[in-house]
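Scroll down for the structure; my scribbles are underneath it.
The values are calculated or read from the model by the stated rules, or taken from the named source; none is laboratory data. Everything numeric here is computed off the predicted structure, so don't read it as measured data. Glycine also receives a Cβ, built like all others from the backbone with ideal geometry; neighbour counts cover every protein chain displayed.
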Amino acid sequence: MVNRKYIDQLMLEQGITSYPQLAKVCNLHYTTLLYIFKGHNPGVATLKSIADYFDVSIDSLLISTPPNYVYIVTEVRKRKIKLKSKENIKYLMFYLLLQEE
């Protein structure tokens with residue numbers, strides 16, 4: 001997902017006052033920007049255009065979110081554990097401790 005606050009900050013620093021103006025200087029279509037600002041994942045070429053214009057890394061334009069689940073693979077099966085529940089996090093920690101022994 002794109003870090004819209006950071007892009008807004010970069011726009012302010014460069015004196016860009018609107019998203020159509022940003023689209024124009026980045027050689028993108030305005031609807032492409034609308035699409036990614038609504039939460040859709042942009043393509044690499046779109047990110048590269050924006051990053052190149054602002055002279056920043058592509059990574060800096062993205063929001064990193066921690067995973068909400070992990071997979072535990074044993075000899076018997078693969079199990080998906082959601083990390084939203086405190087009980088599941090306790091289970092995961094217990095499992096990892098057992099693996100160290």
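For a quick check of your reading of the model, give me the residue pairs whose first member lies in the stretch 43-61 and is assigned by TED's automatic domain parsing to the domain that holds residue 30, whose second is among the acidic types (Asp, Glu), with beta-carbon atoms closer than 9 Å and at least 6 apart or on different chains.
Hits for this filter: 51/59; 54/13.
Among the residues of the stretch 11-45, count how many are within 20 Å of residue 55 (Cα to Cα) and of a type in the set (Lys, Arg).
Total meeting the criteria: 1.
When the stretch 17-57 is examined, which residues are found to be among the β-branched types (Val, Ile, Thr) and loosely packed, with under 14 Cβ neighbours inside 10 Å?
Step one: list which residues in the stretch 17-57 are among the β-branched types (Val, Ile, Thr), which gives 17, 25, 31-32, 36, 44, 46, 50, 56.
Matches in the stretch 17-57: 17, 31, 44.
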